[in-house]
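Participant: Here you go, one structure.
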Amino acid sequence: MKLSPRKPEEPDVNLTPMIDVVFLLLLFFMVSTSFIRESSLKVDLPEATGEALVEQERPIDIVINTDGRFTINNVVLTKPTKEQLSTELGRTVGDNRDPHIIISADAGAEYQYIVTAMDTAQALGYTRLTLATRQTNNGQQ
């Protein structure tokens, strides 16, 4: 019985599963990355602890400065009356029946400005209001 020595087989490296895993990781990190919205105005937000809000649609931003200047999606209103605020908010919202409205008020802004913005939005029938704050580390700084 004559046995011939077997020739060693060259290892075959299949890269397809590795490429699939890399693409899945890339997709995971792209989807799970949070994108930070930055306002063009400098507003010192008050601090709070809690969960960050997950955005599902393009919200309406109401930014209130310490001097009473309101900005609704980049439209500036200087110390507007409730009627002016209502008109501009209704124009900005358009056909959306229940928009998500985020009120970003400076920590030094008068409380009356915030109440006026909330009252105007609720008078127009908008119920999804959020007050923006800065995230703190469990009360520690």
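The values are calculated or read from the model by the stated rules, or taken from the named source; none is laboratory data. The structure presented is a predicted model; accordingly, all values stated were derived computationally and were not measured. Because the Cβ atoms are built from the backbone with ideal geometry, glycine has one as well, and the counts that use them run over all protein chains shown.
Participant: Just to be sure, is Gly90 over 16 Å from Tyr113 (Cβ atoms), surrounded by 10 or more Cβ atoms within 10 Å (Cβ to Cβ), modelled with pLDDT of 85 or more and not aliphatic (A, V, I, L, M)?
Facilitator: Yes.
Participant: Restricting to region 57-87, and then to whatever is crowded, with 17+ Cβ neighbours inside 10 Å and in contact (Cβ under 8 Å) with a residue 40 or more places away in the chain, can you tell me which residue is nearest to the chain's Cα centre (by Cα)?
Facilitator: Going through the qualifying residues, I end up with Pro59.
Participant: For Gly125, work out the one condition from (1) in contact with a strand residue (DSSP E or B) (Cβ under 9 Å, 6 or more places away or on another chain); (2) modelled with pLDDT of 85 or more; (3) more than 26 Å from Val31 (Cα to Cα); (4) surrounded by fewer than 17 Cβ atoms within 10 Å (Cβ to Cβ) it doesn't fulfil.
Facilitator: Only one criterion is unmet by Gly125, namely (1).
Participant: Sticking with this structure for a sec: Given the criteria within 21 Å of Thr130 (Cα to Cα), within 19 Å of the chain's Cα centre (by Cα), modelled with pLDDT under 80 and surrounded by 13 or more Cβ atoms within 10 Å (Cβ to Cβ), does Val43 qualify?
Facilitator: Considered against the rule, which asks whether it is within 21 Å of Thr130 (Cα to Cα), within 19 Å of the chain's Cα centre (by Cα), modelled with pLDDT under 80 and surrounded by 13 or more Cβ atoms within 10 Å (Cβ to Cβ), Val43 comes out as yes.
Participant: Can you tell me which residue among Leu27, Leu15 is under 30 Å from Ala132 (Cβ atoms) and at pLDDT 80 or above?
Facilitator: The unique qualifying residue is Leu27.
Participant: For region 122-133, check the following and say yes or no: at least one residue is over 20 Å from Glu47 (Cα atoms), of a type in the set (S, T, N, Q) and touching a residue at least 12 places away in the same chain (Cβ under 8 Å).
Facilitator: yes
Participant: I would also like to ask the following. Checking Met1 against (1) at pLDDT below 90; (2) loosely packed, with under 13 Cβ neighbours inside 10 Å; (3) not in a loop (DSSP other than H, G, I, E, B), which test does it fail?
Facilitator: Checking Met1 against (1) at pLDDT below 90; (2) loosely packed, with under 13 Cβ neighbours inside 10 Å; (3) not in a loop (DSSP other than H, G, I, E, B), the one that fails is (3).
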